[in-house]
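Input: a single structure, listed below in structure tokens.
Taken together, the values in this text are just the output of simple stated rules run on the coordinates, not laboratory data. Keep in mind the model is a prediction, meaning the values are calculated, not measured. Every residue, glycine among them, receives a Cβ derived from its backbone with ideal geometry; neighbour counts consider all protein chains shown.
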């Protein structure tokens with residue numbers, strides 16, 4: 001790996017699961033910015049949102065992403081809102097390569113509707129909220145240099161393989177040994 005591979009996309013797109021599988025394929029470390037924030041704060045993301053607000057969380061997220069991008073090359077999964085930040089995109093573009101795991105709204109809803117760990121979906125109508133987030137975020141996610149489409153029929157390993165194939169089109173990201 002010449003650069004850190006950063007998986008971006010909506011909650012439920014599979015960033016963590018696909019990232020772990022991809023890291024294994026590449027024999028690279030896997031990191032999750034949300035997990036790093038939880039460790040540093042010693043509380044869940046939902047607790048951080050509740051106690052300190054989304055603005056505080058986003059500032060910590062930017063700090064953590066900056067730190068992780070300076071460390072060894074890895075596969076990095078970032079929270080759904082992370083790529084909306086111009087500052088985060090600049091750091092990711094400078095030191096890594098973003099891959100958008102693009103999933104349609106129905107697939108995302110099927111994956112997140114039973115989860116209670118999504119603070120942004122703690123609303124009277126979480127399906128409508130997810131739709132609003134989706135419509136607002138897609139233009140930002142589309143700025144990622146690589147896009148891999150998710151499908152409910154794909155296994156985690158198949159998705160990781162699809163990401164790997166996309167990465168292999170970019171010699172600035174992965175070296176091939178052929």
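Where does region 31-113 land on Rg/Rh, using Cα atoms and the Kirkwood Rh?
Values: Rg = 13.4 Å, Rh = 13.7 Å.
Rg/Rh for region 31-113 comes to 0.98.
Quick one: the Cα spread of region 27-178 along its three principal axes, in angstroms, biggest first?
53, 35, 26
Sort 172, 34 so that the residue with the fewest other Cβ atoms within 10 Å of its own Cβ comes first and the one with the most comes last.
Numbers: 172 9, 34 21.
Lowest count first: 172, 34.
How far is helix 45-70 tilted, in degrees, relative to the longest principal axis of the Cα atoms in the chain, given as a value from 0 to 90 rounded to the nearest 10?
Helix 45-70 sits roughly 20 degrees off the main axis of the chain.
Counting alpha carbon pairs within less than 8 Å and at least 6 residues apart, what relative contact order, in whole percent, applies to the chain?
Values: 261 pairs, mean separation 63.3, N = 178.
The normalised contact order for the chain reaches 36 percent.
Taking the number of other C-beta atoms within 10 Å as the exposure measure, put 36, 47 in order starting with the fewest.
Numbers: 36 19, 47 13.
If I rank by nearby Cβ atoms, fewest first, I get 47, 36.
Working out 0.36 nm times the residue gap between residue 70 and residue 122, then minus their Cα-Cα distance, what length gain in nm do you get to one decimal?
15.4 nm
Can you sort 100, 109 from fewest to most other Cβ atoms within 10 Å of each residue's own Cβ?
Working: 100 26, 109 17.
Going from least to most buried by this count: 109, 100.
Using a Gaussian network model of the chain whose springs link C-alpha atoms within less than 10 Å, name the residue from 129, 16, 62 with the highest mean-square fluctuation.
Maximum fluctuation in the GNM of the chain, among the listed residues, is at 129.
Sort largest first and round to whole Å: the equivalent ellipsoid semi-axes of region 6-65, each the square root of five times a Cα gyration tensor eigenvalue. Mind showing how you got there, number by number?
Details: eigenvalues 116, 28, 19 Å².
So the equivalent ellipsoid measures 24, 12, 10 Å along its semi-axes.
Nearest 10 degrees is fine. How inclined is helix 15-26 to the longest principal axis of the chain, computing both from alpha carbons?
The angle comes out near 20 degrees.
Debye sum, Cα scatterers, region 135-178, no solvent: what log₁₀ I/I(0) at q = 0.21, 0.26, 0.30 1/Å?
Scattering profile of region 135-178, log10 relative to I(0): -0.82, -0.98, -1.04.
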